[in-house]
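Since the structure comes first, as structure tokens, the remarks are kept for the end.
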Amino acid sequence: MPQIFDNIDLKFHPALEQALNASDRADFCVGYLNLRGWRSIADCVEAWVGGEGSCCRVLVGMERLEDEQLRDVFRLAGGVESMDNATALRLRQKAAAAFRAQLIVGTPTAADEFGLRQLSRQLKGKKVIVKLFLRHALHAKLYLAFRKDPQYPRVGYVGSSNLTFTGLKHQGELNVDVVDFDAT
């Protein structure tokens, strides 16, 4: 029977941390990534080798900008608009600016600095691979941890927690664990 994590009675972060510590790679799909949120699980992937098959791949589908949402609403024929390179570059730059803006929220602590340096090392060592999804709004939350366990080789979590400090640890969220072989 699946467990429901609400961050009130049953916390999501310890379950995710336990799954990651028993794993050798992971795939995440989230709407938002916050650098302080990454710090919450950074130690779990520190022991991984890095590179294909031993890393944490993170797909981020950040909130679309107002002008893009408006353009989608008024698009003729409702088809998928292809994105040119200039638009993709502009959106990547805006996403980078949003990540930079995270660094100036609140007073930085020694733990914040350590976490950012750890993330930087993990990115350079290919222990963490982050990609920004731009094709359309992507607000899904999926965490998959891959283990060397023949009975339960994958543990999944589906729900509402973004990869943010508050989403993993504090605010009321609903996540369900999925350990079924076929479902994961």
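Readers should treat all values here as calculations from the given coordinates under stated rules, not as data from a laboratory. Owing to the predicted nature of the structure, the values given are computational and were not obtained by experimental measurement. Here the Cβ is made from the backbone with ideal geometry for all residues, glycine too, and neighbour counts use every protein chain on show.
For the reader, a short list of remarks on this structure follows.
- For the chain, lysine pairs with C-alpha atoms less than 26 angstrom apart, excluding pairs fewer than eight positions apart on the same chain, total 21.
- Structural descriptor for the chain: relative contact order 38 percent, calculated from alpha carbon pairs under 8 angstrom and at least 6 residues apart.
- Beta bridge orientation in the chain: antiparallel %, DSSP, nearest 5: 60 percent
- Taking the inverse of the mean 1/r over every pair of distinct Cα atoms in the chain gives a Kirkwood hydrodynamic radius of 17.6 Å.
- Dipole of the stretch 101-184, positive end: most advanced residue of 153, 125, 108 [Cβ charges, Cα centre]: 125
- Report note on the peptides 45-53, 85-93: ranked by the mean count of other C-beta atoms within 10 Å, highest first, their order is 45-53, 85-93.
- Where labels lie 7 Å past Cα in the beta-carbon direction, separation of residue 126 and residue 101 in nm: 3.3 nm
- Net charge dipole, the chain: roughly 700 debye, given to the nearest 20, about the Cα centre with Cβ charges of +1 for Lys and Arg and -1 for Asp and Glu.
- Modelled this way, with points 7 Å down the Cα-to-C-beta line, the labels at residue 109 and residue 11 are 1.4 nm from one another.
- Alpha carbon convex hull of the stretch 85-184, projected area averaged over orientations, nm²: 9.1 nm²
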